[in-house]
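A short worksheet on the structure shown next.
The values are calculated or read from the model by the stated rules, or taken from the named source; none is laboratory data. In this text the structure is predicted, and so the values were computed from the model without any measurement. Using ideal geometry, Cβ is built from the backbone for each residue, glycine included, and neighbour counts are taken over all protein chains shown.
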Amino acid sequence: MSATVSPVPVAAHLRRRTAGSWLRGITIGVVTLVFALPLVWMFAAAFKTNVQVTDPSVGLWFSPTLENFRNIVEAGQILRSMGNSLLVGVVSTVLSAVIAVPAAWAVGRFGMHRTGSLILVARIVPAISLLVPWYYLFAQMGLVGSYTVLILSQMFVSVPLIMWIMISFFAGLPVELEEAARTDGLSAFGAFWRIALPLAAPGTATASLLAFVFSWNNFMFALIFADDRTQTVPVTLFNFISYASTDWGGLMAAATLITVPVVLAAVLGQKYLVAGLTSGATKG
């Protein structure tokens with residue numbers, strides 16, 4: 001005589017699964033709304049006049065205007081600043097990756113724990129504590145106001161950031177692959193270049209993207225070391241705020257423009273970003 005399964009426990013289990021799915025969906029929706037609402041407000045305010053921006057009764061239903069974008073483009077400073085930020089961000093990220101990725105491989109592969117601890121210390125030290133000696137040093141070298149000082153200051157943060165991400169990534173790669181390459185006659189650097197580096201491409205893309213985003217958004221270094229010619233976008237945004245008033249429409253239009261490159265970079269690199277954030281999570 002075959003045993004029968006009561007439909008009551010099965011129905012209760014299905015109800016619990018359905019309730020859990022609804023709860024997860026509602027939670028994700030609330031979190032997404034909380035994070036997306038400021039961006040939606042910024043995007044909407046970019047198409048409002050200053051009067052509409054400061055009027056609480058004007059929500060998302062209004063007559064849009066392109067006057068804010070026209071004004072900031074005609075002024076020319078925002079486009080110049082975006083070019084400066086792009087130059088500093090790309091160059092500092094590339095140079096940081098060239099230095100940090102091989103160093104991270106050496107630390108992760110050969111168990112250089114003390115070196116890894118020093119990297120963490122450099123990552124933790126507040127950069128603002130170094131601004132005064134840096135300014136004095138770079139002023140003596142005649143570099144203040146140049147692209148060089150901006151790139152070097154960004155690399156102080158980007159190199160430890162990329163190294164700290166890549167150390168765990170390289171440590172999670174199978175060492176047997178490199179040992180097999182060494183057996184076939186490759187040098188240690190050859191094994192890194194031909195085996196480890198291609199496998200680390202998602203992690204490198206992730207670390208480089210994060211370093212670029214930090215450089216793009218960094219305000220403190222550019223405020224101290226840049227001049228009118230090398231000014232980057234965060235400092236340009238700050239110029240919309242004055243003692244007497246704030247050009248909210250222009251500020252939101254400029255903020256929308258400088259957000260677009262970062263969002264595009266994140267969307268285009270989403271595959272590598274997700275792979276890089278998860279590949280180093282397990283070892284072996």
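Only one entry of Leu60, Leu39, Leu86, Leu33 meets the criterion of being surrounded by 14 or more Cβ atoms within 10 Å (Cβ to Cβ) and not aromatic (Phe, Trp, Tyr), and that entry is Leu86. The test for being on the phi < 0 side of the Ramachandran plot, among the hydroxyl-bearing types (Ser, Thr, Tyr) and modelled with pLDDT under 85 holds for Ser63.
Scanning segment 98-116 for residues that are part of a loop (DSSP other than H, G, I, E, B), surrounded by 17 or more Cβ atoms within 10 Å (Cβ to Cβ) and at positive phi turns up nothing. Restricting attention to segment 20-51, the residues that are of a type in the set (S, T, N, Q) and in contact with a helix residue (DSSP H, G or I) (Cβ under 8 Å, 6 or more places away or on another chain) total 2.
Of all the listed residues (Leu197, Leu237, Leu173), the sole one being assigned to a loop (DSSP other than H, G, I, E, B) and either under 21 Å from the mean Cα position of the chain (by Cα) or not assigned by TED's automatic domain parsing to the domain that holds Pro38 (or both) is Leu173. With respect to the conditions (1) touching a helix residue (DSSP H, G or I) at 6+ places or on another chain (Cβ under 9 Å); (2) part of a loop (DSSP other than H, G, I, E, B); (3) without any contact (Cβ under 8 Å) to a residue 12 or more places away in the chain, Trp61 lacks only one, and its number is (1). The conditions of being surrounded by 13 or more Cβ atoms within 10 Å (Cβ to Cβ), within 18 Å of Met220 (Cα to Cα), assigned by TED's automatic domain parsing to the domain that holds Ile258 and under 23 Å from the mean Cα position of the chain (by Cα) are not met by Phe138.
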